[in-house]
Structures are given as C-alpha cells and as structure tokens.
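Only one structure is covered here, and it is reproduced in the block below.
The values are calculated or read from the model by the stated rules, or taken from the named source; none is laboratory data. All values reported here derive from a predicted model rather than from experimental measurement. We work out accessible area using only protein heavy atoms, side chains counted, and drop any ligands, DNA or RNA first. Shrake-Rupley method; radii C 1.70, N 1.55, O 1.52, S 1.80 Å.
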Amino acid sequence: MAASQAVEEMRSRVVLGEFGVRNVHTTDFPGNYSGYDDAWDQDRFEKNFRVDVVHMDENSLEFDMVGIDAAIANAFRRILLAEVPTMAVEKVLVYNNTSIVQDEILAHRLGLIPIHADPRLFEYRNQGDEEGTEIDTLQFRLQVRCTRNPHAAKDSSDPNELYVNHKVYTRHMTWIPLGNQADLFPEGTIRPVHDDILIAQLRPGQEIDLLMHCVKGIGKDHAKFSPVATASYRLLPDITLLEPVEGEAAEELSRCFSPGVIEVQEVQGKKVARVANPRLDTFSREIFRNEKLKKVVRLARVRDHYICKKDLPAAVAHICNPSTLGGQGKWITRSRERDHPR
C-alpha cells in the first residue's frame, strides 16, 4: 500500500522539500511502473483534458489547463506570444516634429501603442505595398501644438497650468477611415486601447504632426504585434497538512504562507488550521524556517494542472524606455523636412 502511494506521488506530484525538489522529471511513459498503463491514449486524453476560465476582464485572462504535459502548456504560451495576430503601427509619415523626441524614437513609441481593433476583420498587407487600403490598413493622425495658457497665474510654475497641450497622449490620435471603413466600424470602435499613454512632452511653439499606418502582424515578426505583455504558466500548488495544527501553532502556520492560503477556524473552542486556497501560494518556503511546523506540512505541485495567465501589452511601462526598443520593418518616412532645433 505504501509503495503504491509512493508511485502515485511520483506520477502526479512535484514535491518541494527543504533542500531540494523531488519528482521533477516526467515519468508517465509506457513500462516505467509495473501495473500502470501509461501509453498515450486519445480517448483518455480527451476525457481528462479540460480548460477552466478562472478570471477574465479587459486587461487580463487567467485559466487552468488540466491533463496536459509541460511541453503542451509551453506551446500554448508561445502561441499566445508569437502567433496571435494584432494591429500595430507599421509606418509613420512625419510632416513636422519639433519636439525633443527624435523621429525614429517617436516612431518606435507609436509602434508599441496597442490598437483596439479586431485583426480578424483585416487582411495581411502584401509585401512591397506602399499604400494601404481599407481591407489591410488603419490610419491615424496625430497633430498637436503646444501653446501658452493666457489665463495662467503670473506666479505659477506648474506646466499643467502654464501650457496647453504640453503632454501628447494617445487620446490625441484621430482615426481617419479609409474607403468604406466608416460604414463598417461604428464610431469609437477603432482607437488606442488606452487613451492616457504618454507619447511626448512639448513646450510652447513645439508641434507634432504625423500620419500612422497600422497593419496586421504577429509577434514572431516583431514584438509590437504581440497581443500580450506577459504569458506565463505555473503548476497548481498542493499543500497537505500531515497532522492537525491547533492553537497558537495554527496562527503561526497561517503567517508562513501567502494571505488566504491557510485559514484558522474555531472548532469546539479551539483554533484549528486548514488549507483554504492553495492556488494563492507562491511557495516562498517560509515554512521550512519554522523548526516546529516544517514536518507537519507537505508542499507539492500537481504535475498536470497548469495555471496560465496573460496580460495585455504593458505599453505604458515599456514605451517610456526607448533604449529597450529594437527596430524592424518600415518605421518612418519624412514627408517634409524642416529645420528645427533638436
């Protein structure tokens, strides 16, 4: 009986010990364990495999994939990162830019702005096409000029009060329909995902006037087309209390884990600890610093249960650091040169 339980643990759990991790290698292949038929079977896979959506909103999605191997979970992650198409700025025609931001850097920043548009409604632009059409291109105009605020207080030093349009945001981007796009897409459906992404800062007399072409692409061609900022997965935590934990020890045990993992209940006048929600735990292994409690808890992860999470592009964070950006493809075309200070 004990041997059977040990085999089952090796097949289904990755165990975290004080000084190492056990059962890290995949062992569910034919002939590895006597009495177990681990040959792959399609019917059994279809019966055991499931996807449970845990949380979904406009900015993130969390779901569980159960009954698969790490290679399949990683394949889903790579597909989300590199093979799901989106719309992004591909070409920038600069008519005037007297801001402190150079044309090339400005074009890179515009490329990282996530565009709210369904890529399934557009075609890929053919290689070599200079002019876009309504079936493969979205066009945005950005035209902002900074001026002084004549109503500002004389002793004010706040730029928000002294200047008008001194901060250029994505809300200043105006969608210009091509062909019959105005009839196909209701007003407000084609826009940047966020309207408060800072693009540049201006001072009186400075101006940005440019035209952007957005096309359909995938993340493996360029990171700006990636539909997610992060796509990650982790194994479902499995926390088992090997013996009852009561009294002050229950409170102490609760403090060793992330909030919400261990719950302390009142049972017949005694404080009793129980595992409430193990998926909240980050496995800090704080429990192994407690000499009294480390032997009453088993930390493990379910081998075939993956918690997957994806977030929308963190454009607000990455767009502020131009040094991290790399260039590829057609980014910028100056339509009219003007002498202006840099």
Task: Carbon and sulfur %, accessible surface of segment 1-120 computed with the full protein complex present, 1.4 Å - done: 56
- [ ] Show the residues, 5+ positions off or on another chain, whose built amide H is closer than 5 Å to the amide H of Lys167.
- [x] Leu202
Open item on the list: Tell me the per residue accessible area of the chain using a 1.4 Å probe; a whole number in Å² is fine.
Closed with: 58
TODO: Quick one: angle between helix 70-82 and the longest Cα principal axis of the chain, in degrees between 0 and 90, rounded to 10, please.
DONE: 10
Open item on the list: Taking θ = phi - 60°, what integer Hz values does the Karplus form 6.51 cos²θ - 1.76 cosθ + 1.60 yield along segment 298-307, in sequence order, with x for Gly and Pro?
Closed with: 10, 9, 8, 10, 6, 5, 10, 10, 10, 9
- [ ] Using θ = phi - 60° and the Karplus relation 6.51 cos²θ - 1.76 cosθ + 1.60, list the HN-Hα couplings for segment 34-51 in order, rounded to whole Hz, with x at every Gly or Pro.
- [x] 5, x, 10, 9, 9, 5, 5, 9, 5, 4, 5, 5, 5, 6, 8, 6, 7, 10
Open item on the list: How much length would be gained if the chain were fully extended between Val272 and Ser156, taking 0.36 nm per residue of separation minus their Cα-Cα distance, in nm to one decimal?
Closed with: 35.6 nm
